[in-house]
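The block underneath contains the structure these notes are about, expressed in structure tokens.
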Amino acid sequence: MLIVVGASELNLMVTRRQLCPEAVAAVFGAAGHTCPAPAPPSGLTQREIEVLRLVARGLTNKEVAVEPGIAPKTAGHHVQRVLEKLGVTTRAAATMIAMRNGLA
């Protein structure tokens, strides 16, 4: 039995985490289509996503500051803002969200 699923349905399934985003992107690519990038979790900015990735690697605020070239205090503010936006209070919880969204 052949089931035909449209691109919008595949994107919806990716959003619902029913399908792997990389697999769907590969299928779209093979079909000559582009797959829109998934929206960042909780409306994070690119800088906040970068900070989240570093936090997910287990880096301290001081270490987080090195890669983007910001002050440790600024990195700490970014980390707190990321935690607030994600609705969590720990770095471990933020790491889990990063992993679920393919950011870690």
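The values are calculated or read from the model by the stated rules, or taken from the named source; none is laboratory data. If you're wondering where the values come from, they're calculated on a predicted model, not measured in any experiment. Ideal geometry is used to build each Cβ from the backbone, glycine not excepted, and the neighbour counts take in all protein chains shown.
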Open item on the list: Given (1) surrounded by fewer than 13 Cβ atoms within 10 Å (Cβ to Cβ); (2) more than 18 Å from the chain's Cα centre (by Cα); (3) at pLDDT below 85; (4) small (Gly, Ala, Ser), identify the lone condition not met by Ala7.
Closed with: (1)
Open item on the list: I'm checking my understanding of the structure. Among residues of the range 63-104 that are basic (Lys, Arg) and either modelled with pLDDT under 95 or within 28 Å of Ala23 (Cβ to Cβ) (or both), which one is surrounded by the fewest Cβ atoms within 10 Å (Cβ to Cβ)?
Closed with: Arg100
Task: Pairs where the first residue, in the range 77-90, is within 21 Å of Lys62 (Cβ to Cβ) and free of Cβ contacts under 8 Å to residues at least 12 places away in the same chain and the second is of a type outside the set (A, V, I, L, M, F, W, C) and not in a helix (DSSP H, G or I), C-beta under 9 Å, 6+ apart - done: Leu83/Thr89; Leu83/Thr90
Open item on the list: For the range 22-35, which positions are touching a Cys at 6+ places or on another chain (Cβ under 8 Å) and not aliphatic (A, V, I, L, M)?
Closed with: Phe28, Gly29
